[in-house]
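Everything below concerns the one structure shown next.
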Amino acid sequence: MKPTGFNSEFLWGGAIACSQADGGFKEGGKGVSTQDLRYLDSKWTPEEIEEKHQNNPFSLDEFKAALQEDSTEYYPLRRGINFYNNYKEDLKLMAEMGLEIFRTSISWSRIFPNGDDESPNEEGIQFYIDLFSECKKYNMKVLATMIHYDIPVNLVVKYGGWKNREIIKFFERYVTVLYERLGEYVDFWLPFNEINAAKFSPWDGVCLIPGNEEHMDQEIFQCLHHQFLCSAKAVQIGHRMVPGKKIGAMIARFTTYPATCKPEDNMQAILDDQYSNWLYLDVMARGSYPKYINRYFEELNIKIAMDEGDLEVLQNGTVDFVSFSYYFSQVSTNIEGWEKTAGNLIIGKKNPYLEGSEWGWQIDSVGLRFTLNQVYDRYQLPIIIAENGLGAYDTLTDSGEVHDPYRIDYLRKHIKEMKEAVIDGVELLAYTMWGIIDIVSCGPLTMDKRYGTIYVDLDNGGNGSGKRFRKDSFYWYKKCIESNGEDL
Ligand code: BG6
């Protein structure tokens, strides 16, 4: 019999993150989070900001200044799209689209405002009970990320953040409360969003201030070791407290091809893949540090401090599924002067066969099938595509419409390749399209880099009615979901 594609269990979804959507800065007893400190410097154009990747605190002075700042003016993540107060209307629209799974992240600083509090903030917990109950009302499954880059800033100020092993203790407390109080509503858990971001964007990944570290590589990997332990503990505690629920790992997938068939380029592609991608999934899915990383650590003079029993924790905390964000692909080569181009979190090398988005991210739908096959071959674990989508400028017409054929084209091509991968035999559980509703973009911190099928009438400065409008892609995705991916 000819294989057809998605089975009836497959889940069509959409994703957002609390720090980019919620707003509600300091509402409901929320503490200040590390993402609340990211600022938009008014003197830079959005393009310059994207290029510089400098809208993170870069020095101790900038960090302190942002910490003391109470306004939301140059801090778009403090505003988001006000999902915190508008989630009922937003979920209703998503339900109308037929969404079967909704991914968002939980703000640690809403549950434990300072991170080290003895008991949780009940108002914060209630917010998530209400939010997830609303999802259940529409029969939507929930995929919840425990940390999407943001942690309570007090943990950084008082303890040094991820550098300090003590954070594991606070994380365990946080996770225990999540399972205990929200466990019944959440179907899939991700302890960390894109755990490999640390190397490329240290503030996002591990809350390190770049201008403040003498041996950055050492600090990054020490922090990552603590995150790996937290991931493994989240799995162990979860298997005990919420049996039957699935706990996974996630990376930003930087798919890479050799730039030419030169053996050196092929070798470079293997190395780039190991250091940027596989290391992270290998630890969380296979339960140990891979051998290839020793050489890398030696070359960079990295020595990870471990306690007795750490390796056992990693071994006993392997995940139930793997997931990734996939936006683009790049090439690997040592050829001098190879043209560069932007990508999610990184500046990659350009592939002459691919077109780029308005932000230079190279659009490669076949790369999604390639990636799914690669990841499945390596781990033989079910997969969730936790993020995929197109950031683009949209125009709202006077009659309240948004014509976005470019987004439909992007989604159609990627979903077709995803279907091919399923026919290839990949065990794919769900697709949670990124930014199902327009939110503040993570890199440039602007509104006008939009991913949504639902338009939000706000500009980069947070001005506008805030009203929601269905884009053409809204109707297209609805049709795609109704037909279980047949009507593309
Ligand atoms: C991923 C992040 O790296 O990329 C998201 O998990 C982010 O938070 C997404 O929004 C797209 O990046 P950007 O910069 O276009 O918003």
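Tabulated results
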| item | result |
| --- | --- |
| Of Lys291/Lys449; Lys30/Lys163; Lys262/Lys413, pairs whose Cα-Cα distance is over 28 Å | Lys291/Lys449; Lys262/Lys413 |
| Global form of the stretch 161-264, assessed from the alpha-carbon gyration tensor, a/c cut-off 1.5 | oblate |
| Proximal lysines to Lys416, defined as alpha-carbon separation beneath 16 angstrom and excluding residues fewer than eight positions away on the same chain | Lys478, Lys479 |
| P(r) tail fraction, the chain - alpha-carbon pairs more than 45 Å apart, % | 5 percent |
| Difference of contour (0.36 nm per residue) and Cα-Cα distance, Glu299 to Tyr138 | 52.7 nm |
| Linear extension gain, Asn373 paired with Tyr393, 0.36 nm per residue minus alpha-carbon span | 4.0 nm |
| Aspartates and glutamates with Cα under 15 Å of Lys245, excluding same-chain neighbours fewer than 8 positions away | Glu180, Glu184, Asp187, Asp320 |
| Backbone N within the stretch 139-157 under 20 Å of label point (7 Å from Glu96 Cα along the Cβ vector) | 139-141 |
| The chain: antiparallel DSSP beta bridges as a percent of all, rounded to 5 | 20 percent |
| Label-point separation, Asn484 to Gln126 (7 Å along Cα→Cβ), nm | 4.2 nm |
| Distance violations [Cα-Cα > 29 Å] among Lys137/Lys467; Lys199/Lys419; Lys137/Lys471; Lys137/Lys169 | Lys199/Lys419; Lys137/Lys169 |
| Label point distance in nm, Thr4-Gln315, each placed 7 Å from Cα along Cα→Cβ | 4.6 nm |
| Contour excess over end-to-end distance, with Cα ends at Cys261 and Lys169 and 0.36 nm allotted per residue | 28.3 nm |
| Set of aspartates and glutamates near Lys26 by C-alpha distance (under 15 Å), chain-local residues within fewer than 8 positions excluded | Asp36, Glu69, Asp70, Glu73, Glu122, Glu123, Asp150 |
| Rounded D (µm²/s) - the stretch 85-173, Kirkwood Rh over Cα pairs, Stokes-Einstein at 10 °C, 1.306 mPa s | 110 µm²/s |
| Highest to lowest packing among 234-244, 324-334, scored as the average C-beta count within 10 Å | 324-334, 234-244 |
| Relative contact order (%) - the stretch 11-482, alpha-carbon pairs under 8 angstrom, separation at least six | 17 percent |
| Total formal charge among the other residues, if their Cβ is under 13 angstrom from that of Ser231, Lys/Arg +1 and Asp/Glu -1 | -3 |
| Rounded to the nearest 20 debye, dipole of the chain from Cβ charges on Lys, Arg, Asp, Glu | 920 debye |
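Coordinate-derived values only; no laboratory data. Note that the coordinates shown come from a computational prediction; the quantities given were computed from them, not determined experimentally. In this analysis, Cβ positions are derived from the backbone assuming ideal geometry, glycine residues included, and neighbour counts consider all displayed protein chains.
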